[in-house]
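Structure, as structure tokens:
Coordinate-derived values only; no laboratory data. The model shown is predicted, which means the values in this text are computed figures rather than measured ones. Cβ: placed from backbone, ideal geometry, glycine included. Neighbour counts: every protein chain shown.
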Amino acid sequence: MNAVETWIKNRIPISGEQIREFTNEPVPNHIKRWWFALGGTPAMLFGGQIFTGILLAIYYQPTQAAAYESVRRISEDINFGWYLRGMHKWGATLMIATVILHQMRVFFTGAYRAPRELNWVIGMCLLICTLITGFTGYSLVYEQLSYWGATVGANIADNVPFIGGFMKQMLLAGTVYNENTLSRFYILHAAVLPVVIILLIAVHIVFIRLHGVSEMRFEDEAKDTPRSFNFFPDHLYTELIIGLSLLIILTTLAVAVPAHLGPPADPLTTPEIIKPEWFFYVAFRWLKLFSGTAAVISMGVVVVTMFAWPWIDGAIRKRNPNSELSVYVGIAAVLAIVGLTVWEAVVAH
Amino acid sequence: MLALLAHSQPIKADIMTNSDPTPAPEEMDRRTVLTGLAGIGMALGLTGTAAGLAGIAGQFLYPSGGRPTAWVFVAIVSEVAPGAALPFVSALGEQIAIARQGEMGTVEDFIALSSTCPHLGCQVHWESVNNRFFCPCHNGAFDPSGVATEGPPAKAKQSLSRYPLKIEDGLLFIEVPVPTQVG
């Protein structure tokens, strides 16, 4: 036993004490409230997406001629294909939902404020990467929604001033959807974006470790409540409970509401009623309200404002330290997002 | 190999005993400058190579070549009555609405409208009840001549694009994009 231990210690020169020190970041007490444990949820879902995605990639074929049939085969012929595709689809839905909820929590608790502005920016990058991964994902099915979603998405890029035409050409591999387009979406979805997301998550966590989690005290807390608890095993158990709950929720959704397969892509006919996935309802409704360029520029202004919000908020609070403007801006933004999403959901056109 | 191993220790020992751990100041200066220059040179070389590779990757990813076009026969002019519409699908699958709107017998009688919405590229369809082309994606509408009347295309003053037409020897031709690789 001793010889084995020595062999291992020589090859992996780290002690149990060092591992404990490395993992036992003191976690602020407020994280015991579930609402504050949302950050790890999308990361866990992302892990699940990688697992199911790799399995789906074994049968998926990214060509116009074979894509739809390969997805049909996965859904109907391959053992448990329907389950893994359902898990992947619902995993994406929950991942986007939890990223948004996590961002809302960070926003409304002001956790983005100095010195944590850069981590907010990284979080914004993660939100955008997650949305693009969702978009490129449903483009791969090559059903009607996939084809027209990709066409509309590329033309939205085309409306970006100065570099729009270049972006569209790079995305579509031409001026219109063609035989080289699908492989680009596939590479983005299954290789480029996952790697970028992994790197961003790593930097996100490094920043959390460097700054520590922002601490919060609540009015209903007893004064002698300890300010922090250990990551291991206390918080790890919380994350395990979340992980198990997610598996149950995902399995229930995959079984009860299986991933749908719409009609195959028809480049000659845009369906009479067409809508993107729910997370793009806001943008889709916005695009109906304004001309293309006006809609794209205004959306760009919103995104840039979101990126810069920690500094905008900082400037406001410098003038008025008790300003609660950010809360009102947040409430207005949530109402606008929910309003536009519901509007798009309930009408045909 | 064995000989090499046998020699390895003495050689190392020689180096250790013969090497001077503190070089003369002028030698150290020269060494520092040379090392610095070499470092800068390597960094510049690597940066240049990386930039070159990025450029090549960009060129590789950017779609090469434009879409060639060709004149394609549509109909015999005398067989198309004024007011008639000719649905036409190009070799690339683009739907084109061709209509005769005059009786002069010249190319000005005809109009060829793309069915691709100028807003975000969805396909419009003809609504005879409303006498308009309609885009189901973002509610754009166009009159029979392709001019936008409602929705985002009207706000941006975008019309359905037109394809060039010509008449030769009583035959109507349209200029449309064709595949780059022809069988």
Rounded to the nearest 0.05, FRET efficiency between A:ARG319 and A:ASP220 (Cβ-Cβ, R0 35 Å) equals 0.65
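Looking only at other chains, what is the average number of their beta-carbon atoms within 10 angstrom of each beta-carbon in B:117-129?
Shielding by partners across B:117-129 averages 5.
Taking the beta-carbon count within 10 Å as an exposure proxy, list B:HIS125, A:HIS102 from fewest neighbours to most.
Placing the least packed residue first, the sequence is B:HIS125, A:HIS102.
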Prolate/oblate/rounded call for segment A:51-197, Cα gyration tensor, a/c under 1.5 rounded: oblate
Could you tell me how far the Cα centroid of segment A:157-216 sits from the Cα centroid of segment A:258-296, in Å? 20 Å
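How would you order A:57-67, A:133-143, B:69-79 from highest to lowest mean count of nearby Cβ atoms within 10 Å? Mind showing how you got there, number by number?
Values: A:57-67: 15.7, A:133-143: 23.6, B:69-79: 13.8.
Taking the mean over residues of other Cβ atoms within 10 Å, the ranking is A:133-143, A:57-67, B:69-79.
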Count, for each residue of A:263-270, the Cβ atoms from other chains sitting within 10 Å of its Cβ, then give me the mean as a whole number. 4
How many angstrom lie between the C-alpha centres of segment A:52-73 and segment B:134-183? 34 Å
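By average Cβ neighbour count within 10 Å, what is the ranking of B:99-107, B:116-124, A:287-295, A:114-122 from highest down? Don't skip to the end; give the middle numbers.
Numbers: B:99-107: 13.6, B:116-124: 24.8, A:287-295: 19.7, A:114-122: 17.2.
Result, highest mean first: B:116-124, A:287-295, A:114-122, B:99-107.
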Residues of A:343-349, mean number of Cβ from any other protein chain within 10 Å of their own Cβ, rounded to a whole number? 1
Based on the mean of other Cβ atoms within 10 Å per residue, sort peptides A:187-195, B:33-41 so the most packed one is first. A:187-195, B:33-41
Reduced Cα scattering model of the protein assembly as shown, Debye log10 I(q)/I(0), q = 0.07, 0.11, 0.12 Å⁻¹: -0.59, -1.13, -1.26
Gaussian network model of chain A, springs between alpha carbon atoms under 10 Å - residue of A:THR175, A:THR270, A:THR23 with greatest fluctuation: A:THR23
